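Enquirer: Sharing a structure below in structure tokens format, with a few things to ask.
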Amino acid sequence: MDHFPGTWGRPRNDVYGAYDPSYLQSTGPKTHTTSPAVTGTSVVGVKFNGGVALATDNLASYGSLARFTDTKRLRVFGDQAVVGFGGDVSDMQYLDRLLESIDIRENYSSHGNMLNAKNLHTYLAKVFYKRRSEFNPLWNHVLVAGFDGEGKPFLSSADLLGTTFSAPHLATGFGAHLAVPILRRLFPEEKPIEEISREEAVDALKQCLKVLFYRDARSLDKYSIAVITKEGIDLKEDEQLEGQSWAFAERIKGYGAQTV
Amino acid sequence: MTSLMDHQARETVGYSFSESTAGVKQHGFYPYTDNGGSTLGITGSDFAILAGDTRSTSGYNINSRMVPKVFKIGGDDETGEGANIILSVVGFAADGTALKERLDTVVKMYKYQHGKPMSVSACAQRLSTILYQKRFFPYYVHAILAGLDEEGKGALYSYDPVGSYEREQCRAAGAAASLIMPFLDNQVNFKNQYIPGSGEGHALVAKKPEPLPLETVKGLVRDAFTSAVERHIEVGDNLQMVIITKAGIEEVYHPLKKD
């Protein structure tokens, strides 16, 4: 506590840095998104025998403020693909409208919507790349899950720069640090995805979300999970993390004002 | 950046609303990233090899262990069948993919319009033009193009990000280029190698470079990468080798260390 009432109740400058007043700017020229505003954190995904599972938590943060706690960050496309969004929520909603319009247009065509997850991923990556090339990026990192043209499980990533990559398990944001090592240990490379059951995959994702909730300060214990198989998409959007153990928290000492 | 620094200097009390209503926020968006990895190309009298590791990184993270960097140009989209040119790209992967797709389209259009496959030298010049067209917002990649020339000899062209290019016998590019290139200078072009007993001091006769047989070159490529993996953290996982001969294009993968 200092002697300046104007600073009371604000994040400490010496800890968090000075508040960036440019956020409050209301005049000036037209600007593009140069930083995200309301954001979602990690997306985690894993392939299994006959499908793909994808999960996110339901939080949309405004900086360090947990702003919206029931945000659906998994969006269904057609009947065989799901996109998990991390990053800016308004850009996610824009992309969702874009994908919705494609889905509607495809469904009105004579052949119906034949776009699979691989096609969708290619399209999204190109949208991201085009926008970054115009210096007007869509501030997201997404995972696309579903099936490719040959009917094999498909999981791939695309980010705001248009960078793409694919792997048997993927995670964005904080998950790239915390969830990927868990997934790589549970499902090592020499183990083919045919040996991973749906239950194993779902349990692994729940475990990842729990670890993320423990250590990612911008995360939540309410989450969404989608399981995509040939039978269809099983999407649950109002799940609660179970079996939390905060026993370890007692041993954590020495942060902030606490000195003992 | 500057405006933020200024603000920091003027700061006295942490009011969030009083200061700097003037001053326009600068673009903070940097449109490039480095996805690491390394590539290498060597030619012989009747073949050319392009090789690259398959690791994709961002910072200290490994994005994926299987992202190939060598592509067949002008062939079938899925299988690459019918191609007679290969391209490797290393640097910013999104630009690499975009560049590959543009060149692939160009080579296909050439075939449809002229009724014959594009020669490697023509493709090499075209790639330079494509890169230079984006001189002031470059494709952040080091490209290597390879194929067989009109005489059936191995042809290899290397590029900088803005399109300067040169035909060479061998070239390493990417994260571990500085580790691999001196090895290639010595083992392919026989730099700093002299014929034993041919003289004293300046009279020593340098060993003349000559095209190497395919098996020797394959060995050099594998040695170059196993060594690069030991000393560079952005290189590893798998080695992709694409060999182009008059019989066609052969693609092989070998495991590398995954640490």
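Enquirer: With a 10 Å cut-off between alpha carbons and a GNM built on chain B, which of B:44, B:80, B:28 moves the most?
Expert: Looking only at B:44, B:80, B:28, the largest GNM fluctuation is found for B:28.
Enquirer: Taking a 22 Å limit on the Cα-Cα distance, which of the listed pairs B:69/B:108; B:72/B:191; A:118/B:100; A:130/B:134; A:47/A:118; B:72/B:116 fall beyond it?
Expert: B:72/B:191
Enquirer: To the nearest 20 Debye, how big is the dipole of the protein assembly as shown about its Cα centre, given +1 on the beta carbon of each Lys and Arg and -1 on that of each Asp and Glu?
Expert: Its charge dipole is roughly 740 debye.
Enquirer: Relative to the longest principal axis of the C-alpha atoms of chain B, give the angle of the C-alpha long axis of helix B:214-231, reported between 0 and 90° and rounded to the nearest 10°.
Expert: Value to nearest ten degrees: 30.
Enquirer: Turning to a different aspect of this structure: Report P(r) for the range A:133-260: all Cα-Cα distances, bin width 5 Å, range 0 to the bin holding the largest distance, values in whole percent.
Expert: 2, 8, 15, 19, 20, 14, 9, 7, 4, 2, 1, 0, 0
Enquirer: Still on this structure, please answer the following. Based on Cβ point charges of +1 for Lys and Arg and -1 for Asp and Glu, what charge dipole magnitude is obtained for chain A about its Cα centre, in debye rounded to the nearest 20?
Expert: 640
Enquirer: Give me the percent of accessible area attributable to carbon and sulfur for the range B:173-259, probe 1.4 angstrom.
Expert: After summing per-atom areas, the C and S share lands at 56 percent.
Enquirer: Further question: Would you mind telling me which residue in B:210, B:101, B:234 has the biggest mean-square fluctuation in a Gaussian network model of chain B, where springs connect alpha carbons within a distance under 10 angstrom?
Expert: Among B:210, B:101, B:234, the largest mean-square fluctuation in the Gaussian network model of chain B belongs to B:210.
Enquirer: May I ask for the angle, rounded to the nearest 10°, between helix A:198-215 and the longest principal axis of chain A, with both axes built from Cα atoms and the value confined to 0 to 90°?
Expert: 10
Enquirer: Related question: Given N residues in chain B, what is Rg(Cα) / (2.2 N^0.38 Å)?
Expert: So the Cα radius of gyration is 1.24 times the expected 2.2 N^0.38 Å.
Enquirer: Over chain A, what per residue volume does the convex hull of the Cα atoms give, in whole Å³?
Expert: Per-residue hull volume (Cα only) is 159 Å³.
Enquirer: Could you tell me which residue out of B:128, B:97, B:113 lies farthest along the dipole of the range B:94-135 toward its positive end? Charges go on the beta carbon: Lys and Arg +1, Asp and Glu -1, centred on the Cα centre.
Expert: Checked the options; the winner is B:113.
Enquirer: Could you order A:4, A:248, A:154 by accessible surface area, starting with the largest, using a probe radius of 1.4 Å?
Expert: Ranked list, largest accessible area first: A:4, A:248, A:154.
Enquirer: If you don't mind, another one. With a 10 Å cut-off between alpha carbons and a GNM built on chain A, which of A:200, A:190, A:100 moves the most?
Expert: Evaluated over chain A, the most mobile residue of the options is A:190.
Enquirer: Taking 41 Å as R0, compute the FRET efficiency from the Cβ-Cβ separation of residue B:66 and residue A:15 and round it to 0.05.
Expert: For residue B:66 and residue A:15, the calculated efficiency is 0.50.
Enquirer: Still on this structure, I have one more. Quick one: accessible surface of residue B:111, probe radius 1.4 Å, all protein chains present, in square angstrom to the nearest 10.
Expert: 100
Enquirer: Also, I was wondering about something else. Any idea what log10 I(q)/I(0) is at q = 0.14, 0.17, 0.18 Å⁻¹ for the range B:155-199, Debye with uniform C-alpha scatterers and no solvent?
Expert: Ignoring solvent entirely, the Cα scatterers give -0.44, -0.59, -0.64.
Enquirer: Turning to a different aspect of this structure: Report, to the nearest 10°, how far helix A:117-133 tilts away from the longest principal axis of the Cα atoms in chain A, using its own Cα long axis and a range of 0 to 90°.
Expert: 40
Enquirer: Put +1 on the Cβ of each Lys and Arg and -1 on the Cβ of each Asp and Glu in the range A:141-205; which of A:160, A:170, A:143 then has its Cα farthest toward the positive end of the dipole?
Expert: Value: A:160.
Enquirer: How big is D, in µm² s⁻¹, for the range A:68-167 by Stokes-Einstein at 37 °C and 0.692 mPa s if Rh is the Kirkwood radius over C-alpha pairs?
Expert: Estimated via Stokes-Einstein, D reaches 239 µm²/s.
Enquirer: May I ask you to work out the translational diffusion coefficient for the protein assembly as shown at 4 °C, viscosity 1.567 mPa s, via Stokes-Einstein with Rh from the Kirkwood sum over Cα pairs, reported in whole µm²/s?
Expert: Roughly 50 µm²/s, to the nearest whole number.
Enquirer: How big is the equivalent ellipsoid of the range A:113-191 along its three axes, where each semi-axis is √(5λ) from the Cα gyration tensor, reported in whole Å from largest to smallest?
Expert: Over the Cα atoms of the range A:113-191, the semi-axes work out to 24, 18, 8 Å.
Enquirer: Could you tell me whether the range B:65-142 comes out rounded, prolate or oblate from its Cα gyration tensor? Rule is a ≥ b ≥ c as square roots of the eigenvalues, rounded for a/c under 1.5, then prolate if a/b exceeds b/c, otherwise oblate.
Expert: Oblate, since a/c reaches 1.5 and b/c is not below a/b.
Enquirer: Counting Lys and Arg as +1 and Asp and Glu as -1, each charge on the Cβ, what is the dipole of chain B about the Cα centre in debye, to the nearest 20?
Expert: 260
Enquirer: Follow-up. Starting from the eigenvalues of the Cα gyration tensor, five times each then square-rooted, give me the equivalent ellipsoid semi-axes of the range B:78-215, largest first, whole Å.
Expert: 34, 19, 12
Enquirer: Right, another one. How large is the convex hull of the Cα atoms of the range A:4-100 per residue, expressed in Å³ as a whole number?
Expert: Looking at the range A:4-100, the number lands at 144 Å³ per residue.
Enquirer: Buried accessible area for the B:A pair, summed, 1.4 Å probe, in Å² rounded to 100?
Expert: 3100
Enquirer: Follow-up. Note down the accessible area of residue B:142, probe 1.4 Å, to the nearest 10 Å².
Expert: Only protein atoms counted, so the area is about 80 Å².
The values are calculated or read from the model by the stated rules, or taken from the named source; none is laboratory data. Small disclaimer: the values here were computed from a predicted structure and weren't measured. With ideal geometry, Cβ positions are generated from the backbone for all residues, glycine too; neighbour counts draw on all protein chains shown. Remember, those area values only see protein heavy atoms, side chains included, never the ligands or the DNA or RNA. Shrake-Rupley method; radii C 1.70, N 1.55, O 1.52, S 1.80 Å.
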